[in-house]
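Reviewing the structure listed below.
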Amino acid sequence: MTQAIRTTCAYCGVGCGISATPTGPRSVTILGDEAHPANGGRLCSKGTHLGETVGLQGRLLAPMIGAKRASWDKALDLVAKKFRETVERHGPDSVAFYVSGQLMTEDYYVANKLMKGFIGSSNIDTNSRLCMSSAVAGHNRAFGEDVVPASYDDLEEADLIVLVGSNTAWCHPIVYQRIQAARAARGTRLVVIDPRRTETCEGADLHLPVKPGTDVALMNGLLAWCDAEGVTDPAFLAEHVNAPEGFWEHIRSGHDLWTTAKTCDIAPALLEQFYKLFAATPRTVTMFSQGINQSIRGTDQVNAIINVHLATGRIGKPGAAPFSITGQPNAMGGREVGGLASTLAAHMDFAPDNVERVGRFWAAPAMATRPGLKAVDLFRAINEGRIKALWVMATNPAVSLPDAGRVREALQAVPFLVVSDIMADTDSSTHAHVRLPAAGWGEKDGTVTNSDRTVSRQRPFLALPGEARPDWWIVKEVGRRMGWRNAFAYDRPADIWREHARLTAYQNDGARVLNLRRQATISNDAYDAMEPFRWGGERPFSDGRFPTPDGKARLVLTKQMEIQEPLKQWPMTLNTGRYRDQWHTMSRTGLSPKLARHREEPLVEIHPQDAELLGIADRDLARVQTAQGNSLFRVAISEGQRLGEIFTPIHWTDQQASGGRTGLLPRPLVDPHSGQPGFKSTPASVEKVATEWKGFLILRGDEPVKLPCLWSTRITVPGGALYEIAGNGDPARLDAFLPKGDRVEAMDASRGTRRIATISEGRLNGVLFVTRTGLLPSRDWLIRQLETEGVGGSVLAARGPGSQPDKGATVCVCFDIGLNQIVAAIREQQLVNVAAVGKALGAGTNCGSCRPAIANILAQAQQETLHAAE
Ligand SMILES: Nc1nc2c(c(=O)[nH]1)N[C@H]1C(S)=C(S)[C@@H](COP(=O)(O)OP(=O)(O)OC[C@H]3O[C@@H](n4cnc5c(=O)[nH]c(N)nc54)[C@H](O)[C@@H]3O)O[C@H]1N2
Ligand SMILES: Nc1nc2c(c(=O)[nH]1)N[C@H]1C(S)=C(S)[C@@H](COP(=O)(O)OP(=O)(O)OC[C@H]3O[C@@H](n4cnc5c(=O)[nH]c(N)nc54)[C@H](O)[C@@H]3O)O[C@H]1N2
Ligand code: SF4
Ligand SMILES: [Mo]
């Protein structure tokens with residue numbers, strides 16, 4: 001028997017430990033690691049189904065120069081030569097790296113060192129700019145260092161947890177499960193502050209549907225309330241906190257309950273309920289993520305939250321802290337090594353003695369002396385011709401940056417583009433001159449740091465496929481070929497880890513909390529056996545000392561920004577974010593048939609009244625337009641939306657769909673302190689788009705096709721792919737996409753229905769259903785025919801003998817249980833809670849990610865029963 005390998009999840013910043021047992025060259029059994037402090041054995045739907053994503057579909061397996069395979073030597077020599085020549089000709093600031101919170105700390109360290117110490121520029125920025133940079137800037141302003149003063153254990157010690165701008169149930173599901181467990185065990189109260197009613201609200205005591213962008217007013221109002229109620233901590237304030245001039249005068253004027261409620265568009269009684277609860281509960285954790293960070297006032301929003309915690313002394317104590325939760329698995333590690341253009345290394349900024357110190361440590365020939373270009377500015381600089389060589393690693397800016405249409409132009413325009421990725425084709429790598437095949441999750445080896453500063457190992461359990469190589473190796477090889485052989489002479493990740501650890505400790509006389517001194521001499525064996533540990537200790541700032549020059553934390557005066565009234569041309573406000581079972585641009589989660597079922601298409605969610613006004617019905621297609629661009633989405637009418645606001649997901653790309661391109665829509669406007677884009681709020685309009693026909697296509701195999709129709713979205717299914725399609729004109733042009741085989745057809749002219757299948761020796765190769773006015777059958781049974789023997793012409797009836805009724809949209813992906821099944825069971829068996837549904841159907845009893853959804857279905861069913869009784 002092969003041994004289980006302990007590693008960390010590929011996805012979110014919760015950083016769950018995984019126990020992976022390989023079962024073949026490219027297959028693995030995944031379980032939660034019971035000994036890992038983040039998850040104690042639990043995994044969410046994405047972690048649970050990681051095994052479905054380790055195949056080689058779509059992988060880049062050899063270096064490519066243009067469309068041609070190249071040897072590593074040739075590709076690396078070319079990259080080194082082009083970067084060296086560009087620096088020689090145009091100076092160090094004419095080149096840039098754009099990297100990612102999905103790199104290992106070791107990868108990140110090498111890239112940062114190469115750019116900031118050897119090339120001599122700070123033009124290395126990361127997708128964490130889009131994610132965590134407002135939190136980083138907020139921490140620096142308040143504490144003097146980017147330190148998260150909380151741990152997951154605080155969630156179990158808190159009496160109140162406030163989630164601000166965080167859809168925790170979907171995006172940090174195991175943290176959400178820990179919160180729910182704490183609620184069950186000790187009655188912890190939960191408040192959610194989010195303009196949308198998300199599934200996170202299902203298990204909460206209060207939901208405040210704030211007007212977007214008004215969190216500063218809400219937090220300042222809270223501070224004013226605490227001040228008036230005498231729940232600030234004068235002793236702590238006097239000894240450990242500095243307030244800027246005019247701070248309290250500012251808080252004490254114009255932040256009364258009524259004014260605040262009006263600004264935030266929340267019922268005063270609801271707001272008062274929250275304020276009272278907060279004031280009465282010393283053990284409070286306020287957890288926040290992108291609803292706070294991704295704003296053009298993100299840094300002020302972060303500081304408004306921290307202000308409340310500092311002023312009430314709710315920091316550095318058990319169960320009391322402001323808690324910025326990270327997105328990517330190693331967003332935190334990137335911050336530690338200094339992978340942002342605005343930091344130098346190891347939590348040091350560009351102060352002259354830091355530059356001198358790091359330069360000495362690296363024996364650097366060309367230290368960068370000032371911050372470099374932040375992501376949005378970086379791509380603008382490319383469009384302006386100022387950046388002539390760009391290396392993108394482990395991120396997909398053509399999809400994920402705001403105003404992605406301009407970003408695509410930049411990627412096309414840059415004279416030399418290198419993309420390191422695990423996948424062959426991404427919307428960004430299409431434009432690359434050189435593509436480098438990176439090692440992916442399960443193959444790579446290194447460390448990551450999660451939201452609560454816990455460092456864990458990612459360990460390989462699969463062989464490197466083809467010629468894929470780890471990112472640290474690729475970068476150090478380029479460094480060596482650029483002429484710095486000794487500075488980049490690493491043989492293994494442990495070599496890099498030790499150097500990084502030494503730098504954090506180098507001349508660190510307590511000035512920086514980040515100090516990995518004990519790791520600096522770790523042996524290779526000890527590195528391999530490393531247990532998860534937390535830097536900065538259990539509870540930073542518990543002694544009331546902060547890493548500022550005078551040891552005191554800082555309150556920051558924050559003012560609520562003006563919220564622009566909607567313009568006539570753009571009557572709606574576009575909010576963007578995530579789905580429970582997809583990860584970013586779907587390069588990994590898109591491979592999993594199970595995960596694909598939760599949301600099969602990119603939806604635009606809209607309030608019923610807005611939809612009615614616009615003449616849009618549920619399941620229509622609609623075009624969302626902004627000043628930056630437009631894209632098509634499937635409509636989902638949702639009571640959870642505020643009036644005038646719409647929501648679209650960030651996940652869909654050219655690789656899976658003709659529409660759903662959220663990245664084209666947001667404005668490239670950024671927060672002035674952090675440079676983080678305001679992804680959550682863009683003026684927009686929506687209109688219905690009619691099509692003459694709709695249908696679907698099921699194809700065997702995993703080679704994607706691009707279909708010539710207005711709407712086409714692809715999901716992976718067992719044995720093949722399902723395309724949902726809609727369009728105008730003659731649909732017969734789609735017939736050509738059916739694979740060869742014996743062809744069977746059925747037409748119904750009155751409804752304009754075409755059904756065609758191709759079959760070889762009793763195996764279904766593909767099937768196309770299109771209709772103008774008729775209904776379409778459930779896809780499930782047809783999909784199963786891909787894996788069935790002895791298929792014949794009767795497949796066009798789209799129904800097996802005694803086949804099941806339509807299950808409806810998948811809710812529980814672990815047991816493949818649909819909405820209709822749950823609703824029927826609730827009705828027929830009079831189920832009253834999530835546990836009862838679990839008992840009856842199994843739904844929600846494995847990973848638990850769908851439990852909030854089941855709670856929501858139960859609540860709706862109860863409402864309907866009430867209405868029926870009235
Ligand atoms: N399933 C899944 N999980 C993920 C990811 C993924 O792609 N898929 N990505 C990971 C990454 S990198 C990140 S950064 C995290 C993000 O995790 P989250 O921050 O939880 O996710 P988002 O959906 O981006 O946004 C959170 C919420 O902010 C709300 N919001 C919008 N505007 C405002 C506002 O003005 N005020 C307030 N209070 N709230 C507002 C939105 O309505 C949304 O529900 O998720 C991580 N986890
Ligand atoms: N409108 C809008 N836009 C957003 C957001 C939003 O809420 N709204 N959120 C933003 C946030 S918070 C984030 S974090 C970004 C995420 O956006 P991206 O970083 O662009 O998204 P990913 O799909 O995670 O891209 C990772 C890429 O790296 C590849 N990859 C995976 N593992 C490795 C590896 O080990 N090495 C290498 N070299 N490549 C690898 C994957 O195949 C994939 O192509 O999106 C941002 N964009
Ligand atoms: S919560 Fe889910 S996606 Fe996040 S690390 Fe844990 S298992 Fe992975
Ligand atoms: Mo993120």
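The values are calculated or read from the model by the stated rules, or taken from the named source; none is laboratory data. What you see is a predicted model, and the numbers here were worked out from it, not measured in a lab. We place every Cβ from the backbone using ideal geometry, glycine too, and count neighbours over all the protein chains shown. With ligands, DNA and RNA removed, areas are computed over all heavy atoms of the protein, side chains included. Shrake-Rupley method; radii C 1.70, N 1.55, O 1.52, S 1.80 Å.
Please work out the FRET efficiency for the pair D702 and D491, using the Cβ-Cβ distance as r and a Förster radius of 35 Å; give the result to the nearest 0.05.
On the way: r = 36 Å, r/R0 = 1.04.
Computed FRET efficiency for D702 and D491: 0.45.
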Dimensions in Å of segment 222-300 - Rg and Dmax from alpha carbons: 14.0, 37
Electrostatic dipole magnitude of segment 572-688 [Cβ: Lys, Arg +1; Asp, Glu -1; Cα centre; debye, to 20]: 400 debye
Length gained when the stretch K740-A617 is fully extended (0.36 nm per residue, less Cα-Cα span): 40.5 nm
Net length gained if the chain between T29 and D353 were fully extended (0.36 nm per residue, minus Cα distance): 111.6 nm
For segment 572-688: rounded, prolate or oblate by the Cα gyration tensor [a/c cutoff 1.5]: oblate
Set of lysines with alpha-carbon distance to K839 below 20 Å, sequence-local pairs under 8 removed: K807
Under 17 Å from K113, Cα to Cα: lysines that are on another chain or at least 8 residues apart: K476
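Which order do the peptides 663-674, 8-19, 428-439, 364-375 come out in when sorted by mean C-beta neighbours inside 10 angstrom, highest first? Write down the numbers at each step before the final one.
Working: 663-674: 21.2, 8-19: 26.7, 428-439: 22.8, 364-375: 19.4.
Going by the mean number of other Cβ atoms within 10 Å, highest first, we get 8-19, 428-439, 663-674, 364-375.
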Point-to-point label distance, E239-R799, nm (Cα→Cβ direction, 7 Å offset): 7.7 nm
Antiparallel DSSP beta bridges within segment 132-324, as percent of all bridges there, nearest 5: 5 percent
Mean Cβ count within 10 Å, highest first, over the residues of peptides 29-38, 175-184: 175-184, 29-38
Förster-model FRET efficiency, 41 Å R0, Q860 and Q412, C-beta, rounded to 0.05: 0.30
Dmax and Rg, reported as Rg then Dmax, of segment 132-324 (C-alpha, Å): 15.2, 44
Point-to-point label distance, Q3-D816, nm (Cα→Cβ direction, 7 Å offset): 3.6 nm
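Taking all protein chains as present, what is the carbon and sulfur share of the accessible area of the chain, in % to the nearest whole number, probe 1.4 Å? Before the final figure, lay out the partial values.
Numbers: 16010 of 31780 Å².
The value for the chain is 50 percent carbon and sulfur by accessible area.
Give the shape of the chain as rounded, prolate or oblate, defined through the alpha-carbon gyration tensor: a ≥ b ≥ c are the square roots of its eigenvalues, a/c under 1.5 means rounded, and otherwise the shape is prolate if a/b is larger than b/c and oblate if not. Display every interim value, and only then the final one.
Working: a/c = 1.61, a/b = 1.18, b/c = 1.37.
Oblate shape, in that a/c is at least 1.5 and b/c is the bigger or equal ratio.
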Within segment 610-678, GluC sites (Glu not before Pro) in DSSP loop having at most 14 other beta-carbon neighbours inside 10 Å: E639
Cα gyration tensor shape for segment 505-615, rounded if a/c is under 1.5, else prolate or oblate: oblate
Order by protection proxy (mean Cβ within 10 Å, highest first), peptides 293-305, 728-740: 293-305, 728-740
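Based solely on its DSSP helices, what 222 nm [θ] is calculated for the chain when runs of n ≥ 4 H residues each add -39,500 (n - 2.57) and the sum is averaged over all residues, nearest 500 deg cm²/dmol?
Numbers: 28 runs with 257 residues, N = 870.
Dividing the helical sum by the residues of the chain leaves -8500 deg cm²/dmol.
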Area of K694 that stays accessible when all protein chains are in place (1.4 Å probe, Å², to 10): 90 Å²
Residues of type lysines that K552 reaches as a straight line, Cα spacing below 26 Å, ignoring anything fewer than 8 places off in the same chain: K317
Solvent exposure of segment 572-688 as accessible area per residue, Å², 1.4 Å probe: 31 Å²
Of the trypsin sites (Lys or Arg not before Pro) in segment 32-62, those whose Cβ has at most 12 other Cβ within 10 Å and which sit in DSSP loop: none
Share antiparallel - DSSP beta bridges, the chain, percent rounded to 5: 65 percent
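Filter K688/K740; K46/K74; K82/K706; K68/K388; K46/K444 down to the pairs with a C-alpha to C-alpha distance above 29 Å, please. All intermediate terms of the calculation are to be shown ahead of the outcome.
On the way: K688/K740 36 Å; K46/K74 38 Å; K82/K706 34 Å; K68/K388 22 Å; K46/K444 19 Å.
Violating the 29 Å Cα-Cα cut-off are K688/K740; K46/K74; K82/K706.
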Total charge dipole magnitude, the chain, about the Cα centre, Cβ charges on Lys, Arg, Asp, Glu only, Debye to nearest 20: 1640 debye
FRET efficiency estimate (nearest 0.05) - Cβ-Cβ, K568 to A690, R0 41 angstrom: 0.95
Extended-chain gain in nm, criterion 0.36 nm per residue less alpha-carbon gap, A732 and A809: 24.9 nm
Distance between modelled label sites at L56 and E384, nm, 7 Å Cα→Cβ extension: 4.6 nm
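Please figure out what share of the DSSP beta bridges in segment 308-457 is antiparallel and state it in percent, rounded to the nearest 5.
Values: 5 of 14 bridges.
If we restrict to bridges inside segment 308-457, about 35 percent are antiparallel.
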